[in-house]
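One structure below.
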Amino acid sequence: MFKALYDNIRKRINLTETEFSECTSFFKSAKIRRKQFLLREGEFCKHTCFVSKGCLRSYSTDEKGNEHVIQFAIEDWWISDLYSFLTGEPATYNIDALEDSDVLLIDKNSQENLCMEIPAFERFFRLLLQNNYIANHRRITATLSATAEKRYLSLLATYPHLVERLPQHQIASYLGITPESLSRIRKNLLRKNR
């Protein structure tokens, strides 16, 4: 499990073997079963989560009970309700497992202590935040300006392995459309590509 974390960290910062060995003590491993919650709306988000194996999702539920997927997180990705984690306010999102998952969790105090003990982690967590901001910015822009078909094609081009793993209703929720609309888009694309 820590090998995946090591590879993820090494993409962003350089660490010695000793520093990485030290950093592992700040993380807690957990297994999250399919349909099990890591966080529920209204709770306080105490951890940032690295996915070593499996698939999680972050979503909100509207007053009609419809789910709106905000993020998926598969192997080598991070997930959290960052607003709650950073501000200490109650979470606005639920996070649950779509597949049995192995994760590594780090709480806010441990993250702060890790950054003080190994200063390179300040840069690491800043880069994670920057990447999260950029991804959210692109998603908002696409939602406001791109057609549903273009959003689907973009998701397909960027994360083809993700689309293969997820049920159609989850993909539709992420795109902000109904499963029926997604089905029509897929049929139209098949017709165009014949």
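Nothing in this text is a laboratory measurement; each read-out follows from the coordinates by a stated rule. In this text, all values refer to a predicted model and were calculated from it rather than measured experimentally. A quick note on method: Cβ atoms are made from the backbone with ideal geometry, for glycine too, and the neighbour counts reach across all protein chains shown.
For a Förster distance of 35 Å, can you work out the FRET efficiency between the beta-carbons of Glu41 and Thr16, rounded to the nearest 0.05?
Values: r = 40 Å, r/R0 = 1.16.
Once rounded, the FRET efficiency stands at 0.30.
I'd like to know how the chain sits against the 2.2 N^0.38 Å rule of thumb: what's its Cα Rg over that expected value?
Rg over 2.2 N^0.38 Å, computed on Cα atoms: 1.10.
Could you give the length gained by full extension between Glu75 and Gln130, i.e. 0.36 nm per residue of separation minus their alpha carbon distance, to one decimal place? Walk me through the numbers on the way to the answer.
Working: separation 55, 0.36 × 55 = 19.80 nm, distance 1.95 nm.
Going from the current span to full extension adds 17.8 nm.
Out of Leu166, Ile177, Leu190, whose Cα points farthest toward the positive end of the dipole of region 146-194 (charges: +1 Lys, Arg; -1 Asp, Glu; placed on Cβ)?
Leu190
Hey, which of these cross-link pairs are over 20 Å Cα-Cα: Lys11/Lys46; Lys3/Lys53; Lys53/Lys150; Lys64/Lys150?
The answer is Lys11/Lys46; Lys53/Lys150; Lys64/Lys150.
Whole-Hz ³J(HN,Hα) for each residue in region 70-81, computed from phi via Karplus 6.51 cos²θ - 1.76 cosθ + 1.60 with θ = phi - 60°, x for glycine and proline: what do you get?
Once θ is set to phi - 60°, the couplings for region 70-81 become 9, 8, 10, 9, 10, 3, 6, 10, 10, 8, 5, 9 Hz.
Rounded, prolate or oblate: which fits region 146-194 when a ≥ b ≥ c are the square roots of the eigenvalues of the alpha-carbon gyration tensor, with rounded for a/c under 1.5 and prolate only if a/b beats b/c?
rounded
How charged is the neighbourhood of Leu82? Take every other residue with its Cβ under 12 Å from the Cβ of Leu82, and add Lys/Arg as +1 and Asp/Glu as -1.
Taking every other residue near Leu82 into account, the sum is -1.
What net charge is computed for the residues neighbouring Ala148, neighbours being all others with C-beta under 14 Å from the C-beta of Ala148, Lys and Arg scored +1, Asp and Glu -1?
Result for the neighbourhood of Ala148: +4.
Can you give me the long-range amide H partners of Glu99? Hydrogens built in the peptide plane at 1.01 Å from N, cutoff under 5 Å, separation of 5 or more residues or another chain.
So Glu99 has HN proximity to Lys35, Cys55.
Could you derive backbone 3J(HN,Hα) for region 128-141 from the dihedral phi with the Karplus parameters 6.51, -1.76 and 1.60 (θ = phi - 60°), listing whole Hz in sequence and x where the residue is Gly or Pro?
Whole-Hz 3J(HN,Hα) from phi for region 128-141: 4, 4, 4, 5, 5, 4, 4, 4, 5, 4, 4, 5, 4, 4.
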